[in-house]
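One structure below.
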Amino acid sequence: MAKFIFYFAIIIGCFWVFGNAVIDDEKCKDKVNNLVESHSPKDIPYPAKILNFTGTVYDSEQNPTCSNKQPTVLMPGWVRLLGGELNIFIICFYQY
């Protein structure tokens, strides 16, 4: 019973956190407040690197989403990719 109450509280907390995301269409400027930028860490040797990723986030009706002039990711929602690079390093070992 204690596990049920614990998991129920986590689920309610998630709904409360994501449900309180304020969407201000008047204050949320497209490609300004909903702009997301990212890159892969340079010190970890991944087989693929993402460089200078930029994109914008939208809700299910494709309206820009932000909260306190910061991008807010809503589910369901949309992400529009604007630019960036994906470098894939393939190491081939041939056996003769």
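Does N63 satisfy the condition of being in contact with an Asp or Glu (Cβ under 7 Å, 6 or more places away or on another chain) and surrounded by 12 or more Cβ atoms within 10 Å (Cβ to Cβ)? It is true that N63 is in contact with an Asp or Glu (Cβ under 7 Å, 6 or more places away or on another chain) and surrounded by 12 or more Cβ atoms within 10 Å (Cβ to Cβ). Of the listed requirements (1) surrounded by 13 or more Cβ atoms within 10 Å (Cβ to Cβ); (2) modelled with pLDDT under 90; (3) over 30 Å from I91 (Cβ atoms); (4) out of contact with any Ser or Thr (no Cβ under 9 Å at 6 or more places or on another chain), K69 misses just one: (1).
The values are calculated or read from the model by the stated rules, or taken from the named source; none is laboratory data. None of these values were measured; they are calculated from a predicted model. Ideal geometry is used to build each Cβ from the backbone, glycine not excepted, and the neighbour counts take in all protein chains shown.
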